[in-house]
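The values are calculated or read from the model by the stated rules, or taken from the named source; none is laboratory data. None of these values were measured; they are calculated from a predicted model. FYI the Cβ positions are ideal-geometry reconstructions off the backbone, even for glycines, and counts take in every protein chain you see.
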Amino acid sequence: MRVLRFSDKGCVRKNNEDAFLIMPEQGFCAVADGMGGHQAGEVASSTSVEALGKLMPGLDGLTGQALEEALAGIFQQVNQAVYRSSTLEPDKAGMGTTLTALLVRDSGAVIAHVGDSRAYLYRNGELSRQTEDHSMVAELLRNGIITAKMAAEHPYRNIITRALGIDPMVRPDVMKAPKQTGDLWLICSDGLHNMLPDERIAEVLEAQRGAEAAEKLLELALERGGEDNISIVLGVAAEVETP
């Protein structure tokens, strides 16, 4: 998988609390968006991707349900790593992070997800969101209590209901998707999708490719206020993937 990554602290935040893990030869990438005061968000996100990278060899040779279960188990171990770190230092108490990971192999793609970072698939001119936000506003929207327009402007849209490191155990969403040559995957933090609706993201991916598309998405998010850190990973599925 060919992978591009871009990140910016945005126009409001003093620090960039997002983190990446990019392993293109393994067809793997992940985005984490940390939260917590006293730079604890940076610690949470960096701890999560560091632990994830060390645990990735545990997926070698696995396929099907065994792969999905193993990836869910790895998320539990990553959660424990962040949780332990939060208990060792008082100023890190309560820190947490989102984590959205994508693994693309010959047999297809597997996504594991906690929080409100997102995974999108752009295929044949259509953008489809592959993950559901674990957030207060997303739950209100799914239950029909608010409209999509209200959700986009809701003052609590940044409050998430599930994150790594907050509790000793976490339940990740794990899902699989079929693979086609030329699939374009977008993994991003909420600093992008809170600034740009899905329709605008799709327009950019239709009009531009590669680094130009990522740079345009970042530019538009900054132009619209850049209220949070903005992280973008674009991955293009090759014809033959690492098994």
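The single condition among (1) polar (S, T, N, Q); (2) assigned to a helix (DSSP H, G or I); (3) within 17 Å of S231 (Cα to Cα) that S7 does not satisfy is (2).
Yes or no, residue by residue, for (1) closer than 14 Å to D190 by Cα; (2) of a type in the set (K, R):
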| residue | (1), (2) |
| --- | --- |
| M1 | no, no |
| L4 | no, no |
| R13 | yes, yes |
| E17 | yes, no |
| Q26 | no, no |
| L62 | no, no |
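Selection within the stretch 86-110: residues that are modelled with pLDDT of 95 or more and of a type in the set (S, T, Y). The member of this set that is nearest to the chain's Cα centre (by Cα) is T100.
Restrict the check to the stretch 6-13 and report whether at least one residue is at pLDDT 95 or above, on the phi < 0 side of the Ramachandran plot and of a type in the set (S, T, Y). Yes, because at least one residue in the stretch 6-13 is at pLDDT 95 or above, on the phi < 0 side of the Ramachandran plot and of a type in the set (S, T, Y). Pairing each residue of the stretch 146-173 that is modelled with pLDDT under 75 with any residue that is charged (D, E, K, R), provided the two are 6+ apart or on different chains, yields C-beta distances under 7 Å for A151/R157; N158/D190. When the stretch 136-180 is filtered for residues that are surrounded by 12 or more Cβ atoms within 10 Å (Cβ to Cβ), at negative phi and among the small types (G, A, S), the ones remaining, listed by number, are A138, A151, A152, A163, A177. The test for being in a helix (DSSP H, G or I) and in contact with a Pro (Cβ under 9 Å, 6 or more places away or on another chain) does not hold for A213.
All of E126, E89 fail the test of being farther than 24 Å from A148 by Cα and surrounded by fewer than 19 Cβ atoms within 10 Å (Cβ to Cβ), apart from E89.
Looking only at the stretch 22-56, count every residue that is assigned to a helix (DSSP H, G or I), at pLDDT 95 or above and farther than 20 Å from G165 by Cα and tell me the total. Matching residues across the stretch 22-56 total 0. Of the residues in the stretch 167-186, not one is within 19 Å of F20 (Cα to Cα), in contact with a strand residue (DSSP E or B) (Cβ under 6 Å, 6 or more places away or on another chain) and part of a helix (DSSP H, G or I).
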